[in-house]
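Here is the structure we will look at.
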Amino acid sequence: MPDKPIRLTPRLCRAGRAMLGWRQADLAEASTIPNPNIEAFEAKPETAKMMGANMRALVEAFEKAGLEFIPANGGGAGIRFRDNTSADPALGAP
């Protein structure tokens, strides 16, 4: 996990779910954040912020599922599989 806390954006949240093949309900179950909160957050503009505890719960759920966040270090923030064995071979992972 990076040293600096991740600022989860609606786009990163949607991307993480897509990578895992999760519905909003799956993320809600994994994070204990109510589904309506996730739905509302994902529908907001990229400048939207989520309460710190809720954001941490979502980030931890993604990390436990095998994803890692890439900090904005000149190239923009992102998300990826922690190791490439987690990636779906059909998606063209190395």
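Values computed for the structure shown
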read-out: Cα gyration tensor shape for the stretch 1-86, rounded if a/c is under 1.5, else prolate or oblate; value: oblate
read-out: Nitroxide proxy distance, nm - points 7 Å out along Cα→Cβ at Ile70 and Asp26; value: 2.2 nm
read-out: Net dipole in debye of the chain [+1 Lys, Arg Cβ; -1 Asp, Glu Cβ; about Cα centre; nearest 20]; value: 260 debye
read-out: Sulfur and carbon atoms: percent of accessible area, the chain [1.4 Å]; value: 54 percent
read-out: Positive dipole terminus of the chain, leading residue within Ser31, Asn84, Asn54 (C-beta point charges); value: Asn54
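The values are calculated or read from the model by the stated rules, or taken from the named source; none is laboratory data. Note that this is a predicted model, so its numbers are computed, not measured. When we count neighbours, we look across all protein chains shown, and the Cβ atoms used for this are built from the backbone with ideal geometry, even at glycine. The area values use the complete protein model at the heavy-atom level, side chains included, leaving out ligands, DNA and RNA. Shrake-Rupley method; radii C 1.70, N 1.55, O 1.52, S 1.80 Å.
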